[in-house]
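Here's the structure, in structure tokens; my notes come after.
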Amino acid sequence: MILSRQPISRRAVLRGMGVTLALPLLDGMSPVFGAVRRAVKSPTRLGVVYVPNGIVMENWTPAEEGTGFGFTPTLKPLEPFSEHVTVVTGLNGNPGGGPHAGAATRFLTDVAAKQDNANILAGISVDQFVAREFGRETQLASLELGLDTRDFAGSCDIGYSCAYTNTIAWKSPTTPLPIENDPRAVFERLFGDGGTTDQATRIARARHDKSILDSITEKTASLSRRLGHGDRGKIEQYLDAIRDVERRIQKAEADSANALPEVDQPAGVPSRYSDHAKLMFDMQVLAYQSDLTRVVTFMMGREISGRSYAEIGVPDAHHPISHHQNIPENIAKLCKINVFHISLLSYYFEKLRATPDGDGTLLDSLLLIYGSGMSNSNEHSPANLPILIGGGAAGQLKGGRHIKVGAGVPLANLHLTLLDRLGVQIESIGNSTGRMQTLSLS
């Protein structure tokens, strides 16, 4: 390691031809005391991953409580990350608000959606409480991402605005935050664009321009000469990851230009669901790695999603099959979808664990909430919600446990407890009645 009395600023960036790239956390950003650098403390981050249309709880819920629980068929892909996984069962969402509108809205607000097409009303979501605090230190207060488009007029709960099913993030009780599903738009929001959001212009530019990283090659080389071997490796890994994401976006754009476009699929979106999900997960890793934001919500599907999953042998539309009517064949298909979603979450965990951050990894510093706003989809049940907590929250959370709460505990109590772990203090949220003492560090 090269020691310098003048550490590189944590806000340092690489610039060139209108492109700005924030740097990942480097050893060279820590101050020197004597001849030793002090480790740079990783910031705590919040991630939320939402899956729609409920989960088959029989295949989700571990039989054992406490530590050393057995991973169920649905959760099995996460077994390699057992020390970073806490399963919480028995929590109850605020009932009402429409079967699907209520599910999406309650997940982070624990407030029932208002039945009024003209006037929406919910509550401030957990992620936005955190964004108010963490956003003071980052370029973007939060990112709201998804895999479905918002063009679902008429495919919403009767009497409820589609705004409720289109997002899980609420800046205020009357301000839902729209999701972005186009990887190109997300990439350019993170790393810059050519001054326009016009899709045709962006596609044309992507076909003719070289990688945005080409414009900062000289700056990168100059900076690397000031860094130690380890930091140079981190920067190369970071830039390689950006190049890979950009290459995959360009390939998706080229493929979509050569094929007949689907009505609900904008150019630049990979045709395979798994490719799309992995690309969006990779960009979340880059956003955290560069500290452009510390808060990300991600909808793997919107409520009432009719998406089919032919790539895993389930050609049936998700929402209709979720009303399984207790038919074993339908339940088996729904279980395959649940496992597929978890397998993609496992991919995300692996990327986070493989990305150094301070004296640990991004998985160590992230607090991640995964789950759905309903359990039994055949009944649209808000009781005993499927909730999983991942990551280490920068030392504020101990995993490897199955926590089964007592009767009548609202989801909002978990929200308050996790906000405490993130250093965000509020008195109440939704219909909260207190904190969860069982979610301890030991």
Once label points are set 7 Å from the Cα along Cα→Cβ at both A63 and Y347, what is their separation, rounded to one decimal in nm? 3.2 nm
Can you pick out the pairs among K41/K171; K76/K234; K251/K351; K41/K251; K76/K278 whose Cα atoms lie more than 27 Å from each other? K41/K171; K76/K234; K41/K251
Could you put R302, R248, R294, R226 in order, starting from the residue whose Cβ has the fewest other Cβ atoms within 10 Å? R226, R248, R294, R302
Multiply the residue gap between R226 and D359 by 0.36 nm, knock off their C-alpha separation, and tell me the result in nm, one decimal place. 45.8 nm
If I stretch the segment between Q437 and Q396 completely, what's the gain in nm (0.36 nm per residue apart, minus their alpha carbon distance), one decimal? 13.4 nm
Taking other Cβ within 10 Å of each residue's Cβ, how do H229, H100, H341, H319 sort, fewest first? H229, H319, H341, H100
Only counting other Cβ atoms within 10 Å, I'd like V409, V245, V51 sorted with the fewest neighbours first. V409, V245, V51
Once both labels are modelled 7 Å past Cα along the beta-carbon direction, what's the D240-S274 spacing in nm? 2.3 nm
Using a Förster distance of 35 angstrom, determine the FRET efficiency expected from the C-beta separation of E329 and S428, and round it to 0.05. 0.20
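Taken together, the values in this text are just the output of simple stated rules run on the coordinates, not laboratory data. Here the structure is a predicted model, which means the values were calculated and not measured. Backbone-built Cβ (ideal geometry, glycine too); neighbour counts: all protein chains shown.
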